[in-house]
1. Does Asn32 satisfy being over 12 Å from the mean Cα position of the chain (by Cα), open to solvent by less than 70 Å² (accessible area, probe 1.4 Å) and of a type in the set (S, T, N, Q)?
2. Only one of these is in a loop (DSSP other than H, G, I, E, B), open to solvent by 100 Å² or more (accessible area, probe 1.4 Å) and touching a Lys or Arg at 6+ places or on another chain (Cβ under 7 Å): Asp69, Asp45. Name it.
3. Exactly one of these conditions fails for Gly37: (1) among the small types (Gly, Ala, Ser); (2) more than 26 Å from Lys96 (Cβ to Cβ); (3) outside any loop (DSSP other than H, G, I, E, B). Give me its number.
4. With respect to Arg61, determine if the residue is within 17 Å of Lys91 (Cα to Cα), of a type in the set (Lys, Arg) and open to solvent by 90 Å² or more (accessible area, probe 1.4 Å).
5. For the subset of segment 48-58 comprising residues that are touching a strand residue (DSSP E or B) at 6+ places or on another chain (Cβ under 7 Å) and part of a loop (DSSP other than H, G, I, E, B), which member is surrounded by the most Cβ atoms within 10 Å (Cβ to Cβ)?
6. Output the number of residues of segment 84-106 satisfying the condition of being open to solvent by less than 80 Å² (accessible area, probe 1.4 Å) and touching a residue at least 60 places away in the same chain (Cβ under 8 Å).
7. State whether one or more residues within segment 84-91 are of a type in the set (Ser, Thr, Tyr) and under 12 Å from Leu36 (Cα atoms).
Amino acid sequence: GAKIIKEEKDINELEKECKKIVKERMSKLPYNRPNLGSVFKNLNDMKVGKLLEDLNVKGLRVNNALVSDIHSNVIVNIGDATGLDVMSLIKIIKNKVYKESKRQLELEIIIFE
């Protein structure tokens, strides 16, 4: 079930709020390059981006697949990265995380083989 509450708001205030939200999102994600969005699911007790940040994965690269310098849970294509490049980078990240924190990461993205 759901309860819907109608709230009257000024259209100018709504537009201002929407622009603020979009600006904030744009600053936190690498929209300037092709990317997969969030690669790994958050952990029960912390955001995976924080864990990856703490483990210094930003800048890890396989050919033209690169862990974004804006968000450590996003892999960007900086040229002609292939699916194999991305999968190799994911494997490197998962291995690093397990080696250094004993945590298993689960993919947020769906990969069809």
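The values are calculated or read from the model by the stated rules, or taken from the named source; none is laboratory data. Not measured: the values here are computed from a predicted model. Note that each Cβ is placed from the backbone with ideal geometry, even for glycine, and that neighbours are counted across all protein chains shown. Note: areas computed on protein heavy atoms with side chains; ligands, DNA, RNA excluded. Shrake-Rupley method; radii C 1.70, N 1.55, O 1.52, S 1.80 Å.
1. On the way: over 12 Å from the mean Cα position of the chain (by Cα): yes; open to solvent by less than 70 Å² (accessible area, probe 1.4 Å): no; of a type in the set (S, T, N, Q): yes.
So Asn32 fails the test.
2. Asp69
3. With respect to (1) among the small types (Gly, Ala, Ser); (2) more than 26 Å from Lys96 (Cβ to Cβ); (3) outside any loop (DSSP other than H, G, I, E, B), Gly37 is out only on (2).
4. Working: within 17 Å of Lys91 (Cα to Cα): yes; of a type in the set (Lys, Arg): yes; open to solvent by 90 Å² or more (accessible area, probe 1.4 Å): yes.
Taking the combined requirement at face value, the residue satisfies it.
5. Val57
6. Residues in segment 84-106 being open to solvent by less than 80 Å² (accessible area, probe 1.4 Å) and touching a residue at least 60 places away in the same chain (Cβ under 8 Å): 2 in total.
7. no
This table checks each residue for (1) out of contact with any Leu (no Cβ under 9 Å at 6 or more places or on another chain); (2) farther than 13 Å from Ile75 by Cα.
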site: Ile4; (1), (2): yes, yes
site: Glu8; (1), (2): yes, yes
site: Glu15; (1), (2): yes, yes
site: Cys18; (1), (2): yes, yes
site: Ile21; (1), (2): yes, yes
site: Pro34; (1), (2): yes, no
site: Val39; (1), (2): no, no
site: Met46; (1), (2): yes, yes
site: Gly59; (1), (2): no, no
